[in-house]
Amino acid sequence: MRIPQSIFHLSIRTGSLIALLLLFGCSSKTDSSNYVRDTADAHYEKGTAYFGMMEYKLAEEEFKLALEINPEHAESYAALGYLYNNSDNLTGARDMYQKAISYNPMNVNALYDLSKLYFSCDASYLEENLPLAEQLLNDAIEIDPNLPLVYVALGDIHYRKGRANWDQAIAMYKKALQIDENLAVAHYALAYCFYNRNDRIQARPHCEKAMALNYNPPSGRLVVDQNGEGKSVCELLAKVRAGMERTAPLQNRNERP
């Protein structure tokens with residue numbers, strides 16, 4: 001299970017501050033507000049610790065405790081959204097991400113994760129959700145233009161729109177590599193796109209880089225070979241170069257990344 005970056009963006013607060021607040025009480029409305037925030041953060045941080053130990057049920061309980069104390073704790077909503085998403089509770093995940101964004105529109109992790117949820121929905125809902133996913137990613141870029149995975153996700157959306165949008169997809173993947181030249185998923189995405197345009201010359205160096213980075217593509221980024229088996233485009237290009245296949249099959253061109 002991937003550990004989301006947002007889970008480890010922890011606030012810097014000390015236990016001694018909380019202890020002092022507990023000992024002397026809250027003498028003003030401001031002190032009371034700080035106490036609620038700090039206590040919610042304490043449960044959130046405890047939840048992140050459980051998450052790191054893969055104690056997901058305990059993590060969920062801590063995030064919920066944080067929200068009982070502070071119903072506007074955006075980080076806890078985002079964390080619950082991630083937990084629900086990875087347990088296939090997609091409706092719950094969507095609701096948590098939306099609440100996280102409503103309380104903190106600057107939460108780029110929630111924007112990104114919600115966009116990926118929309119993009120990975122059932123085919124019957126995909127087309128209507130693509131504009132929603134794209135807007136969330138554009139919002140994330142406005143907040144922070146240096147997030148390479150956001151550009152990869154935008155590239156995937158443009159690729160999914162069809163061949164007429166593949167130039168835009170390529171531009172997004174290249175933008176991701178400008179930020180992180182060793183981002184394997186972006187190299188493979190470029191190789192996949194060039195391969196399906198029958199441009200092996202441009203596909204090959206990105207395949208080589210992805211393979212050097214030990215990238216293992218998901219099933220949606222495999223191509224059916226002449227034997228009906230799913231293969232990465234890098235495997236197929238290697239066979240073509242070795243003369244094991246006369247041509248590289250060009251199937252699954254529009255399959256969702």
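Quick note: the coordinates plus some simple rules give every number you see, no bench work behind them. All values reported here derive from a predicted model rather than from experimental measurement. Reconstructed Cβ throughout: ideal geometry from the backbone, glycine too, with neighbour counts over all protein chains shown.
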- prompt: For the residue pair Lys64 and Ala49, what label-to-label distance in nm results when each label sits 7 Å from Cα along the Cα-to-beta-carbon direction?
  reply: 2.1 nm
task: Would you list which aspartates and glutamates come within 20 Å of Lys231, measuring only between C-alpha atoms, while excluding same-chain residues fewer than 8 positions from it?
output: Asp156, Asp199, Glu208, Glu245, Glu255
field: Cross-link reach list, aspartates and glutamates versus Lys209, counting only Cα pairs under 14 Å and skipping chain neighbours closer than eight places
entry: Asp180, Glu181, Glu235
message: Just to verify a number: FRET efficiency for Lys57 and Ser120, C-beta to C-beta distance, R0 = 22 Å, to 0.05?
response: 0.35
query: What spacing in nm lies between the two simple spin-label points modelled at Glu127 and Asn89, each 7 Å away from Cα in the Cβ direction?
result: 3.3 nm
query: Using 7 Å Cα-to-Cβ label points, what is the Ile143/Glu181 separation (nm, one decimal)?
result: 3.0 nm
- line: Restricting to lysines and to Cα separations under 20 Å from Lys116, and discarding same-chain partners fewer than 8 apart, the set is Lys99, Lys161, Lys174, Lys175
query: Considering only the other residues whose Cβ falls under 14 Å of the Cβ of Ala110, what net charge follows from Lys and Arg at +1 and Asp and Glu at -1?
result: -3
query: Summing Lys, Arg as +1 and Asp, Glu as -1, what charge do residues with Cβ under 12 Å from the Cβ of Gly81 carry, Gly81 excluded?
result: -1
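Tell me, in nm to one decimal, what length is gained between Ile201 and Gln226 on full extension, where the rule is 0.36 nm per residue of separation less the Cα-Cα distance?
Working: separation 25, 0.36 × 25 = 9.00 nm, distance 2.10 nm.
Going from the current span to full extension adds 6.9 nm.
Based only on other Cβ atoms within 10 Å, what is the fewest-to-most ordering of Tyr103, Tyr97, Tyr195?
Working: Tyr103 18, Tyr97 29, Tyr195 25.
In order of increasing Cβ crowding within 10 Å: Tyr103, Tyr195, Tyr97.
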